[in-house]
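Everything below concerns the one structure shown next.
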4 protein chains.
Amino acid sequence: MPAALAWNRYGKSSIRLVKVRRAADPHDIVDLTIDVSLEGAFEKVYTDGDNSACLATDTMKNTVYALAKDHPIDHIEAFASSLVEYFAQKPGVSLARVHTAEHPWSRLDAHAFMSAGSEEWTSVVERTGGRTSMTSGLRGLVVLKTTDSAFSGFPRDKYTTLPETRDRILATSITATWTYAGGFRDFGQRSAVRTALLKTFASHKSESVQQTLYAMGEAALAACDGLVDIQLSLPNRHHLFVDLSPFGLANPNEIFVATEQPYGLIEARITRS
Amino acid sequence: MPAALAWNRYGKSSIRLVKVRRAADPHDIVDLTIDVSLEGAFEKVYTDGDNSACLATDTMKNTVYALAKDHPIDHIEAFASSLVEYFAQKPGVSLARVHTAEHPWSRLDAHAFMSAGSEEWTSVVERTGGRTSMTSGLRGLVVLKTTDSAFSGFPRDKYTTLPETRDRILATSITATWTYAGGFRDFGQRSAVRTALLKTFASHKSESVQQTLYAMGEAALAACDGLVDIQLSLPNRHHLFVDLSPFGLANPNEIFVATEQPYGLIEARITRS
Amino acid sequence: MPAALAWNRYGKSSIRLVKVRRAADPHDIVDLTIDVSLEGAFEKVYTDGDNSACLATDTMKNTVYALAKDHPIDHIEAFASSLVEYFAQKPGVSLARVHTAEHPWSRLDAHAFMSAGSEEWTSVVERTGGRTSMTSGLRGLVVLKTTDSAFSGFPRDKYTTLPETRDRILATSITATWTYAGGFRDFGQRSAVRTALLKTFASHKSESVQQTLYAMGEAALAACDGLVDIQLSLPNRHHLFVDLSPFGLANPNEIFVATEQPYGLIEARITRS
Amino acid sequence: MPAALAWNRYGKSSIRLVKVRRAADPHDIVDLTIDVSLEGAFEKVYTDGDNSACLATDTMKNTVYALAKDHPIDHIEAFASSLVEYFAQKPGVSLARVHTAEHPWSRLDAHAFMSAGSEEWTSVVERTGGRTSMTSGLRGLVVLKTTDSAFSGFPRDKYTTLPETRDRILATSITATWTYAGGFRDFGQRSAVRTALLKTFASHKSESVQQTLYAMGEAALAACDGLVDIQLSLPNRHHLFVDLSPFGLANPNEIFVATEQPYGLIEARITRS
C-alpha cells in the first residue's frame, strides 16, 4: 500500500541515575529520571529494516551514565544541555531532546538523606470483649545513606554471584508499627520514635539491612518508655553500581542505577528483653 | 451443597476525611483515610439474604463524619478509639476495627499548608539547528488553604446546581513550567520561583483558581528577572462540604471529604507584557 | 508588575460516567472517563476575579450526565461531538475539547460483564517442619451486573441516610484464595473455581454483596471436590445514581457515577460443613 | 538497652520471570512475579552483624532463575513447591515461603500473545470556528512475541555495549491515534484498525521496533479506507536474557527478566502517500 512516514522520534525513557558527589564533605546526591529522544534521518530504519543509522537506545542509556561521571550535575538544565549537545552531533540527528525529573532529597546528616514524600502516620485500633487494643505506626518514610553500609561475609553457594562490598548505597522506605504499654496514652511519642529511627539509620555503621533494622528498633524502644515492641519492614531499594570500565572510566562509587524490582525485604519485631 | 460460613468481616474502606480546626488561630488541619470493619453475628446476611442485622457501610461512613465533628482529633489513636467504642456497641458486633492513615501537611502560613510529597523538579532541553532551548519547571507540589478562597458570581444555566461560596478549601498540586531569557544560566532561580508560587498561593484572596493562578504567575515573573513566561496547571482538588444536618449537627466549614475524581483543571501561561 | 495572560484553558477532568442501556435486551453498558476543556474570552476571570463569564466546571460535569441521558453513546466520537457542539455555543467559548477514554467490558451473560484487566493468578506455598502447605487464588477479576442486585431491610439508626433499593448496579474486583485438600495436586482446578465464581456472580439474585459472596463460595466448593475452603474479598465499587431531576430529566437507573472512594469491603471464608 | 529479636523474616520480592517454552509448538509463555521469604536461625545477622548464616537475597533471585530453567512451570503451585523444597533445606531455615502472581496472556497466534488488561479506547474531539475535528485511538493494548524479532546492524560507538541479536522477545503496550477523513462517521472502524495492528504485530518479521511500527501503521491504513493517518507510540518493554552460565546451565532463549525501567520509546506517524 502507498504509505509514507510523516514524522518519527525515538529514544530511551526512564533512565534512572543517582550520582553521589563523594568529593564533597558532606556528601551530596542528585537523583534523576531522564528521557532522551531523537528526531532525524531515520526513515530507512522504519521502512527498510536498515539499522545502520539507528543509534541503539541502550547506547543512549550508557551515554547518560558515562557523561554523568564527569559532569558536576549542579543543575539539571546544565547536565541536559551537555547531553543534547552530545546527541545532536550524532549522525542523522536533527533534533535531540532531554526530559529530566529531579527527585529532591532533604539532608539528615553528612551522609544521609530523607524523602518524606509519601509518609503516612498509621494506627490500627480494635475493640472486642470490652477492651481496646491498638498499634501505631508510620510508613513511606524514604531514606538513603551514601556510605557506612557494607554487605560481606555471607555464604556463597552455587547460585551466588553477588560480590562482597564494604561500601554501598543503602536506601529504604521505612514501615514501622509499634505497641504502647496498656494504658499509655501519650500518642505524641510518635515523633520521638520517628526521630530515633531516622537518627539511627543515618549514624549506624551497617553490616546489613538486618543489623541496621535491629539498631533502629532498639533505639526506638530506648527513646520511648511507653513502647512495648516495634516491628520494622525495610525494603532494600537496590542502587546498582554502574560499570563504566567499558568506556574507559573509573566509577569510584559515584554513579548508580536506582532500581525498583526486585528488592530485598527485611522484617523483624524487636521487644524489650 | 453443605457449606458453612467459617469467618466473616465487613466494613467501609478509604473514607477520606479532612477536618479544619477553625477555632484555632492559626488554623489546623488533619487529613485522614479511615477503614472501618466489623465482625460479629452477621451470618444470616450471608446465608439468608436477611439484612436486618447489617449496619450499612454507608452508615459507617456517615458516622465517621458525624463523630469527627465533635472530636478534637489531636491524635488518630484517640479518634479511632472513639470510633471503635461507638461501633463495638452496635447490635451483633463482636469486634470493631479502625485503620487510620494520616497524611501529614507542613505549615506555609496561618491558613495554608504544603505537602511536598511527590514534588519533582523538571526541565526539557532541546537542541536543533545548532541552538539549544529549554524550559524549567516543577510538579507535584501539593498545597491547601483553609480560607481566603471564594467562588461566586458565575453564570447559572439549566445544568447549574453548584451553590455560590465565599469560603471554601482550595487545594491543588502545582505544575509549573517556565522559560528563561536567552543566555540566562542562573538555574538556581528555581528556588525563587518556587517561593513566589508558594507565598502567593498562601496569601492570595482568591475569587477563583484562575485568579490565584494568575497572581502566582505574576509573582513568579516579579521574583525572577530571568523569566520570560510561566505556564501553570492547577487541578482543583475538590474538598466537598459534608452536610451534617441530617444528624442534627452544624458544620461550620470544618468537616470535608477530599475527592480525587472529577477535578477542575485550570491552565494558563503568563508573560511579561 | 506588567504581566499578561498569553493563553488559558480550563475545564473538568475525570468525569466518570457509566450508562446502562436497559431498553436493550440483553443490557448494554458503556463506561467512560471524560475530560471537558474550554478556551475563549475568559481573561477577566484571571485578571479581575470577575466570574461572570466562567461556566463552572461543576456545571460541565452536570451537563455531561444530563446529555448522556438522551444520547445513545453507541460510539464515543458521536457522544463527544454532541458535547463539543453544546459547549462551543456557550458565551465566550472559542474552542471546546472533549477527551474520552472508554473502558471496555466483555459480556458474561445478559446482565453481567467482566473486565479481566488486571487479573492475576496467585499462590502462597510454605514449607516448614518437612511439610509443604499452600493456598491458591486469583485477584483483580473485575465484574459488574446491571440488575438482580438489591440492598434493603437494613437497620436505620440516626446516622443512616442510604435509601433502600431493589435494583442497583453491583460491581466488584474479585480476590479469592482457596485451600486444596492434602495431597490434591490437580492445580488446573483453578479454572473450574474461576468459572463457578463468574457464573454465580452473574446469575445470583443478590440481596447484598454478602449473600452473593456466600453463593459464590458455595458454588466454588461445589465445582471442585478438591477444595477444602475458599476465602473471598469483594470490594463494593459503588456506582452512584445520578439525580437528573434538577434538569427536568428522569433517570430510570441508566446514568451512574463510578466511584473509587470510599468502598464497602466484604470478606468471608466458606468451608464444607 | 536490653532489647530482643522477637521475630524475623527476610527475602527477595518482585522477582520478575518470563519463561518461554520453545520446545512447544506453538510456543507457550509463563509470566510470573515471585516473592521468596525465609524464617529461621538468623538472629546473629541482626544482633551481631554476622552474615555467615545470611543467604543473600541476590542468591535467592539467581536460584529462582536457575531452577526455572529445568522446571516445566505448568502450574505455579508446582514450581513454588520446588522452590520451597530447595530453600527449606538451606542452613538455618525453619520456614520457606513463596508468593507467586501469574500474569495471564491470551494467545494471538503461534508465537504472539496479548494482555488486554488496561486497554482503553480513546478519542479527542474539538470544536472551534464552527467546525468539529477529531482523532480516535486506543491505548494499553499489551502484546508480546517470542520470536521473529531481531535487532542488529546498528552503529557501534564508544558507549555501545549491546550485543546484536537475531532472536529476542519483543513486548510493547500499543498506543495509537488516528484521523478519519472529513465526514467519515463509521466509528466502528476502530475494530478493524485494532485487528490490523494485532495481526501485523504477530506476523511481522521484525528487524526493529521501528520497522514493526511502520508495518502496523501501513496495515491499519490498508484495513480502513476512512483513515487519513495513524500515529503509533510503542514502548519497548525490554525482556532481558538471563545469563545462566555461572550456574552451569544453558539458556536457549527461555529465561528472561521482564523490566519496566528504562524502556525504549518509538513513535511515528504514518500517512497515505
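Computed from the coordinates by the stated procedures, all read-outs in this text should not be read as laboratory data. Being a predicted model, the structure only gives us computed values, none of them experimental. Glycine gets a Cβ as well: all are built from the backbone with ideal geometry, and neighbour counts include every protein chain shown.
Observations
- Gained length - A:ASP25 relative to A:SER273, 0.36 nm times residue gap less alpha-carbon distance: 85.3 nm
- Phi angles across the stretch A:124-136 convert, under the Karplus curve 6.51 cos²θ - 1.76 cosθ + 1.60 with θ = phi - 60°, into 3J(HN,Hα) values of 10, 10, 9, 10, 8, x, x, 10, 9, 10, 7, 10, 10 Hz, Gly and Pro given as x.
- Panel order for C:THR212, A:THR177, by other beta carbons found within 10 Å of each beta carbon, from fewest to most: A:THR177, C:THR212.
- For chain C, averaging the sequence separation of C-alpha pairs within contact (under 8 Å, six or more residues apart) and dividing by the residue count gives a relative contact order of 17 percent.
- Peptide A:206-212 has a mean of 6 when you count, residue by residue, the C-beta atoms of other protein chains within 10 Å of its C-beta.
- Among D:HIS71, D:ALA101, D:PHE87 the positive-end extreme of the charge dipole of the stretch D:10-104 (Cβ point charges): D:HIS71
- Taking A:ASN236, A:ASN251, A:ASN51 in turn, the Gaussian network model of chain A (Cα-Cα springs below 10 Å) assigns the largest fluctuation to A:ASN51.
- Gap separating the Cα centres of the stretch A:195-254 and the stretch D:157-189, nearest whole Å: 42
- Inter-copy separations for C:THR259, label at 7 Å along Cα-Cβ, nm, ascending: 0.9, 4.3, 4.4
- Tensor-based shape of the protein assembly as shown (alpha-carbon gyration tensor, a/c under 1.5 rounded, otherwise prolate or oblate): rounded
- Separation of alpha-carbon centers, the stretch B:32-82 and the stretch D:89-124, rounded to whole Å: 36
- Comparing C:PHE151, C:PHE113, C:PHE187 in a Gaussian network model of chain C where C-alpha atoms under 10 Å apart are linked, the largest mean-square fluctuation is found at C:PHE187.
- Average partner coverage of B:99-111, which counts Cβ from other chains inside 10 Å: 3
- Using alpha-carbon coordinates, inclination of helix A:76-88 to the longest axis of chain A, degrees: 30
- Cβ-Cβ distance of A:LEU249 and B:ALA181, R₀ of 41 Å, FRET efficiency by 1/(1 + (r/R0)^6): the value works out to about 0.70.
- Per residue of peptide C:216-223, the mean number of Cβ atoms on other chains within 10 Å of the residue Cβ is 3.
- Between amide H atoms placed 1.01 Å from N, distances below 5 Å from D:TYR180 occur with D:SER136, D:VAL228, all of them 5 or more places distant or on a separate chain.
- Around the amide H of B:GLY264, modelled in the peptide plane, lie the amide H atoms of B:ASN236, B:HIS238, C:SER13, all under 5 Å away and 5 or more residues distant in sequence or on another chain.
- Each Lys and Arg adds +1 at its Cβ and each Asp and Glu adds -1 at its Cβ; summed about the Cα centre, chain A shows a dipole of about 660 debye.
- Counting neighbouring beta carbons within 10 Å and listing from fewest to most, the residues C:THR100, B:THR200 come out as B:THR200, C:THR100.
- From phi via Karplus (6.51, -1.76, 1.60), per-residue ³J(HN,Hα) for the stretch D:191-206 in Hz, x at Gly/Pro: 5, 5, 4, 4, 5, 4, 4, 5, 5, 5, 3, 5, 9, 5, 8, 8
- Test item: Cα-centred dipole of the stretch A:126-192, Lys/Arg +1 and Asp/Glu -1 on Cβ, debye: 180
- For D:SER13, B:SER208, the sequence from fewest to most other C-beta atoms within 10 Å is D:SER13, B:SER208.
- Evaluating 6.51 cos²θ - 1.76 cosθ + 1.60 at θ = phi - 60° for every residue in the stretch C:99-112, the Karplus couplings come out as 8, 10, 10, 9, 9, x, 10, 9, 7, 9, 7, 4, 10, 9 Hz, glycine and proline recorded as x.
- At 7 Å out from Cα toward Cβ: B:SER191 inter-copy label distances (nm, ascending): 2.7, 6.1, 6.4
- Estimated FRET transfer efficiency (D:ARG166, D:SER52; beta-carbon r; R0 45 Å; 0.05): 0.50
- Candidates A:THR47, A:THR146, A:THR59: whichever shows maximal mean-square fluctuation once chain A is modelled as a Gaussian network with Cα springs under 10 Å: A:THR47
- Dipole magnitude for the protein assembly as shown: about 0 debye, using +1 per Lys or Arg Cβ and -1 per Asp or Glu Cβ, origin at the Cα centre.
- When the charge dipole of chain A is built from unit charges on Cβ atoms (+1 for Lys and Arg, -1 for Asp and Glu) and taken about the Cα centre, the candidate among A:ASN253, A:ALA222, A:TRP7 whose Cα reaches farthest toward its positive end is A:ALA222.
- MRE, 222 nm, helices only [DSSP H, n ≥ 4, -39500 (n - 2.57), over chain B, to nearest 500]: -7000 deg cm²/dmol
- Take C:ARG107, move 7 Å from Cα toward the beta carbon, and the resulting point lies 2.6, 6.2, 6.6 nm from the same point in each other copy, nearest first.
- For chain C, projected area of the alpha-carbon convex hull averaged over all directions, nm²: 22.0
- Chain B, rotation onto A, residue closest to that axis via Cβ, with its distance in Å: B:GLY117, 2
- Selection from B:VAL142, B:THR128, B:SER115 lying farthest towards where the dipole of the stretch B:107-157 points positive, charges on Cβ: B:THR128
- Restraint check, C:LYS44/C:LYS69; A:LYS61/A:LYS205; C:LYS19/C:LYS158; A:LYS12/B:LYS199; B:LYS205/C:LYS61; A:LYS12/D:LYS69, Cα-Cα greater than 28 Å: C:LYS44/C:LYS69; A:LYS61/A:LYS205; C:LYS19/C:LYS158; A:LYS12/B:LYS199; A:LYS12/D:LYS69
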